[in-house]
Amino acid sequence: MKMLINVPETVVADALRGMASAHPELAVDVENRVIVRRDAPVAGQVALVSGGGSGHE
């Protein structure tokens, strides 16, 4: 079976960096585990904040 996680301790940072690589319109703060639009805030649009979850990727 092939592992999809390189190093368990860096899985979140790796996923965030991957998201940033795939979507250049996003800015990623790996230290604080935050992804934001580079052009935010956008006038006339609602911001969405999501977090939490069950703890699995």
Count - residues of region 1-22 that are surrounded by fewer than 13 Cβ atoms within 10 Å (Cβ to Cβ) and either hydrophobic (A, V, I, L, M, F, W, C) or in a loop (DSSP other than H, G, I, E, B) (or both)
10
Which of the residues that make up region 23-46 are surrounded by 13 or more Cβ atoms within 10 Å (Cβ to Cβ) and of a type in the set (G, A, S)?
A27
Name the pairs whose Cβ atoms lie under 7 Å apart, with the first residue in region 18-44 and farther than 25 Å from L4 by Cα, the second at pLDDT below 90 and assigned to a strand (DSSP E or B), and 6 or more positions between them or separate chains?
E25/R37
When E57 is evaluated against the numbered criteria (1) at pLDDT below 85; (2) outside any loop (DSSP other than H, G, I, E, B), which criterion, by number, is the only one it fails?
(2)
Breaking point among (1) in contact with a helix residue (DSSP H, G or I) (Cβ under 8 Å, 6 or more places away or on another chain); (2) of a type outside the set (D, E, K, R); (3) modelled with pLDDT of 90 or more, for N6
(3)
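The values are calculated or read from the model by the stated rules, or taken from the named source; none is laboratory data. Quick caveat, the model's predicted, so the values are computed rather than measured. Neighbour counts run over all protein chains shown; Cβ positions are idealised from the backbone, glycine included.
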